[in-house]
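Where a number appears in this text, it was derived from the coordinates with a stated rule and is not lab data. Here the structure is a predicted model, which means the values were calculated and not measured. Cβ: placed from backbone, ideal geometry, glycine included. Neighbour counts: every protein chain shown.
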């Protein structure tokens, strides 16, 4: 071993170490950070031109059109027609993705002419479409035309079965259903649908104004008279023509008269 | 850089005097040695190596120091060839005026960088001539030649305790002088 040489080196090394230790690790750490940045920048300096060269090769050698955009797999087809008309068509087709896309685009949902979109959905008894529209905020009625009525429900009555009626009827607004809707229900809905409506709170008469029983008796719907009385129709109600029993006696069948009288006696 | 920071700090606490002595042997200058130590640490840790502790890092740093010294020597030689008419050395050497300059430093600087590397590997790292040859990527004969040259220049510091079996007579081949 060369003791003198190593001893001299150690002596110099001690002085050098003292200076380096006084400076601390900061210069070395800063240098490491700079060197790493340079390595990253160097990689980018190689990679970016390589990608550009590759793109050039693809477009010139392979013949790809650089202007042509990549194919976008659009789930729906939106045309240049007014959005509300497209929405109406999508509801009719049961095209839910297009419906959702149009809603996302901001189609005006308040109404389409004199009929709300929810009523359009009920033309096909399409509960899914109805729910999509209602979740998006589409109303059930056009207030300027059908001020208080549930136009969607009115369309569904007589067209859709009781299951559909049960899914769309709103217990909050059912008590405010108009005589028009309820008389339509008496005329067109089946027993189950009518029962669903009444169970949800739909009115069977308007005191001093109208009565479903009077309507059924007038039109010879004796079975409906029985059902309506069973569902809780008031046999003692007074309508605009006078007491219900007098109206039924004048316009109804003997069976209807007997049913109303029996109900009056039972109450 | 969280892990590297702790290893660098540990390296500074435990190994910096040894690395500095190594740097002095490799350069023959305290200032150049410090620069080599710093540059080797930066080079070692900038490559995101997973260095768990200072001991393993020290070996990498020593290797980086040797590489830096040999590369610097090659660069200097290349510039001198290309710009020989542009480079003039003054009468007095700047190194003679700075602190830490002495006979050992002057003698070391008179050696070629690769000779200083061979000296460091042989006498600081305690490697055999065969191992030095492997580390440097040269033949064993070349290493013996380097060590022979070193003994000639560093005679005053080497002959006092010279027991090295590598101190055999080396025939200097006629060829290009570098």
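Semi-axes of the equivalent ellipsoid of the range A:24-66: what are they in whole Å, largest first, if each equals the square root of 5 times a C-alpha gyration tensor eigenvalue? Display every interim value, and only then the final one.
Working: eigenvalues 313, 6, 3 Å².
After diagonalising the Cα gyration tensor, the semi-axes are 40, 5, 4 Å.
Quick check: the angle from helix A:222-231's long axis to the longest principal axis of chain A, C-alpha only, nearest 10 degrees?
60 degrees
Using Cβ counts within 10 Å as a stand-in for footprinting exposure, how do B:139, A:173 rank, fewest first?
Listing B:139, A:173 from fewest to most nearby Cβ atoms yields B:139, A:173.
Gap in Å between the Cα centre of the range A:86-117 and the Cα centre of the range B:35-66?
If we compute the Cα centre of each part, the gap is 68 Å.
Arranged by the count of other C-beta atoms within 10 angstrom, fewest first, what order do B:136, B:83, A:182 take?
So the ranking, lowest neighbour count to highest, is B:83, B:136, A:182.
Please report B:24, A:130 as a ranked list, fewest other C-beta atoms within 10 angstrom at the top and most at the bottom.
Ordered by Cβ neighbours within 10 Å, fewest first: A:130, B:24.
What list of whole percents do you get for P(r) of chain A, with Cα-Cα distances grouped in 10 Å bins up to the one holding the largest distance?
6, 19, 16, 11, 9, 7, 6, 6, 6, 6, 4, 2, 1, 0
Taking only Cα atoms, what is the 0 to 90° angle, nearest 10, from helix A:127-136's long axis to the longest principal axis of chain A?
Orientation of helix A:127-136: about 60 degrees from the principal axis.
Between helix A:26-57 and chain A, what is the angle of the helix's C-alpha long axis to the longest principal axis, kept within 0 to 90° and rounded to the nearest 10?
60 degrees
Considering chain A as a Gaussian network with a 10 Å cut-off on Cα pairs, which listed residue, A:54, A:24, A:94, attains the greatest mean-square fluctuation?
A:24
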